[in-house]
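Participant: Just dropping this structure here.
The values are calculated or read from the model by the stated rules, or taken from the named source; none is laboratory data. Since the model is a prediction, treat every value here as computed from it, not as a measurement. For neighbour counting, all protein chains shown are included, and Cβ atoms are generated from backbone atoms with ideal geometry for every residue, glycine included.
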Amino acid sequence: MLFLLALVSVVGFGLATPTNYNWGQCLCLTGTNVNVRSSACGTKIGTASSGQCFTSKASRLTSCGYVWYKVNYNGKDGWIAGDYLVTSSSCSGSSSSGATGKGLCTSANIQTVGRVVHGEAKGESITGQLAVAYTIVNRVKHNGYPNTLNGVVYQRYSSGYQYNTLDDPNHDRAWASSKANNDATYRRAIEAAEDALCGYKSDPTGCATDYCAYDPCSATKPNAYWDVYNKKKIGNHWFVCRRSKSG
């Protein structure tokens, strides 16, 4: 939340034309020494300057002569006056993005992972959905999987995608509907994706790359190539980490 006082150097003083930013969209500052606040016209919780970028949380309020937008500010909700925000294609590399690594914290990636979370864990707690999102992050980092996010998400075997939800057209339609209506299931899936990709919340699985709705299953058992460890149940799924038997 950001409120501009007389000592703050900013440009474009006055009420901004309201804009509807999408959840997960990257918003960057154009002013200097701009206050970030706990609510519209609320208590100052920090200061930011031109070039710093934040992820939109898709809320807007008009108060104190400004249109305020809610953003993710260092893992917390912050509000910034819209006069000093412009959109950007990516928050990766920004001092405020909290990127997990490999440039994962982008609006496009958040949407991609949100789609998986929505199909695989819709209706679960935020921790259960966060755990699913983190399996994608962990696979990108793991030497047994593709090293790009799209490579991981869209990896196929003879039976279909690694993430089964992507094979179900009903799930595609449900996601499209939730997104169009910006409903609670869409917002929660996007929140989990953002928290994992941008590192706003820690990984509840520790290191999991695989999960299954029951245990044991092929995803949670060791095989000729991989051992499993750190098995735990989070939400409706059992999660495991994998390490190579060859060392």
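Participant: Do any residues in segment 45-69 that are in the same structural domain as residue 188 (by TED's automatic domain parsing) and of a type outside the set (S, T, N, Q) have Cβ atoms under 6 Å from those of residues that are modelled with pLDDT of 80 or more and assigned to a strand (DSSP E or B), where the two are at least six apart or on different chains, and which pairs are they?
Facilitator: Cβ pairs passing all conditions: none.
Participant: Of all residues in segment 115-147, count the ones that are part of a loop (DSSP other than H, G, I, E, B) and in contact (Cβ under 8 Å) with a residue 24 or more places away in the chain.
Facilitator: The initial filter retains those residues of segment 115-147 that are part of a loop (DSSP other than H, G, I, E, B), namely 122-125, 142-147.
After this cut, where a residue has to be in contact (Cβ under 8 Å) with a residue 24 or more places away in the chain as well, the list is 122-125, 142-145, 147.
Residues in segment 115-147 being part of a loop (DSSP other than H, G, I, E, B) and in contact (Cβ under 8 Å) with a residue 24 or more places away in the chain: 9 in total.
Participant: Still on this model: Can you confirm whether residue 43 is more than 30 Å from residue 134 (Cβ to Cβ) and modelled with pLDDT of 65 or more?
Facilitator: Criteria met by residue 43.
Participant: Oh, and also: Go through segment 221-237 and give me each residue that's in a loop (DSSP other than H, G, I, E, B) and either in contact with a His (Cβ under 6 Å, 6 or more places away or on another chain) or at pLDDT 95 or above (or both).
Facilitator: Those that are in a loop (DSSP other than H, G, I, E, B) and either in contact with a His (Cβ under 6 Å, 6 or more places away or on another chain) or at pLDDT 95 or above (or both): 235, 236.
Participant: While we're looking at this one, here's another question. In the list 75, 119, 151, which residue meets the criterion of being modelled with pLDDT under 85, surrounded by fewer than 24 Cβ atoms within 10 Å (Cβ to Cβ), among the small types (Gly, Ala, Ser) and closer than 30 Å to residue 231 by Cβ?
Facilitator: 75
For every residue, the table says whether it meets (1) without any contact (Cβ under 8 Å) to a residue 60 or more places away in the chain; (2) farther than 28 Å from residue 111 by Cβ; (3) of a type in the set (S, T, N, Q).
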residue: 200; (1), (2), (3): no, no, no
residue: 207; (1), (2), (3): no, no, no
residue: 214; (1), (2), (3): yes, yes, no
residue: 218; (1), (2), (3): yes, yes, yes
residue: 221; (1), (2), (3): yes, yes, no
residue: 227; (1), (2), (3): yes, yes, no
residue: 230; (1), (2), (3): yes, yes, yes
residue: 234; (1), (2), (3): no, no, no
residue: 238; (1), (2), (3): yes, no, no
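Participant: Can you tell me which residue is farthest from residue 213 (Cα to Cα) among those in segment 129-147 that are small (Gly, Ala, Ser) and buried (at least 23 other Cβ atoms within 10 Å of the Cβ)?
Facilitator: In this case the residue turns out to be 133.
Participant: Let me ask something additional. Just the residues that are under 27 Å from the mean Cα position of the chain (by Cα) and either over 19 Å from residue 165 (Cβ atoms) or crowded, with 19+ Cβ neighbours inside 10 Å (or both), please, taken from segment 207-219.
Facilitator: Within segment 207-219, 207, 208, 209, 210, 211, 219 meet the criteria.
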